[in-house]
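One structure is given here, and the rest of the page talks about it.
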Amino acid sequence: MSEDEWWRDAPTRTIKVENGLRARSTRGDIARTWWSRRFIEVLEELGLGGRLERGKRYARQGQVVSMSLSPSIVVATVQGSRPAPYRVKIGVKAFTADQWAQVEQALAGRALYLAKLLAGEMPTGIEEVFEGIGLRLFPNSFAEFSMECSCPDWEVPCKHLAATCYLLAESFDTDPFEILAWRGRSRQDLLDSLRARRGGPAVAPEPGPDPLPDDPAAFWAAGSVPPAPAPPAPGAPGAVLDRLDPLPVLLRGRPLTEYLRPAYRAFAEEA
């Protein structure tokens, strides 16, 4: 046997991991939301379905030791049959700054999309927003993917890569912003840009300390006491709702404020 085939004589029993990253799903499909299922469907459409199944058991056994996501790349370590965990990388093409500017301009006019993202949901029509400017949120070809694993298996994805894909899909379940971050835009950067494009209020700087007086003795003197604020003028119950910007939230097809006004009237009557 040549030195290049040393791995064929290595033990094949998987080394169990304590406190590994374990898939929450114990049977059936792992992805729960439409957007994480879409990610798995894309991989299956690329002909990876049968090979992905081999990693599902690894994901459920907790063989993934660590996983981190950053723009355009996911890095993980997965324990196999060798003492040292294998190093796994899954890359995807991140959108450019100009492309993200077009996406944000399209999203800025859709208040409901922003509300759903803030509620931890991926809007069902968001793929059409990306397609409208010639982009795809989910990769649709191997040219957009790069997959690497340090294991000796020549198939891509191997079970270590597949296990990482399943845990990645579950992380998308928990936080849809991770899909966007993988494509190159962090949650905070995206929200800041959308608020700015929608004309949101700027955050005023916090006031600094008052300057010291020229006379040191005046530092210990009592300053003038500001007048007490005038009590608020009585108004109609729920008047505060009229002072707010329209809430981008609908409940059963009606604005949320229509449901809040009766509650304000009831509070006023009790008072």
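None of the figures in this text is laboratory data; all of them are computed from the coordinates on show. All figures in this text were calculated on a predicted structure; none of them were measured in a lab. Note that we place each Cβ from the backbone using ideal geometry, even for glycine, and neighbour counts take in every protein chain shown.
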> How far apart, in nm, are two points set 7 Å out from the Cα along the Cα-to-Cβ line at Thr96 and at Arg32?
Replying inline: 3.9 nm
> By the gyration tensor of its Cα atoms, with a ≥ b ≥ c the square roots of the eigenvalues, what is the shape of the stretch 8-197: rounded for a/c under 1.5, prolate for a/b over b/c, or oblate?
Replying inline: prolate
>> Taking the number of other C-beta atoms within 10 Å as the exposure measure, put Asp173, Asp192 in order starting with the fewest.
In response: Asp192, Asp173
> What is the calculated FRET efficiency for Gln188 to Glu41, with r their C-beta to C-beta distance and R₀ = 30 Å, to the nearest 0.05?
Replying inline: 0.55
> Going by how many other Cβ atoms sit within 10 Å of their own, how do Trp34, Trp182, Trp100 line up, fewest first?
Replying inline: Trp34, Trp100, Trp182
> Once a ≥ b ≥ c are taken as the square roots of the eigenvalues of the Cα gyration tensor of the stretch 24-104, is the result rounded (a/c under 1.5), prolate (a/b larger than b/c) or oblate (a/b not larger than b/c)?
Replying inline: oblate
> What nm value, rounded to one decimal, do you get for the distance between Lys89 and Trp154 when each label is placed 7 Å out toward the C-beta?
Replying inline: 2.2 nm
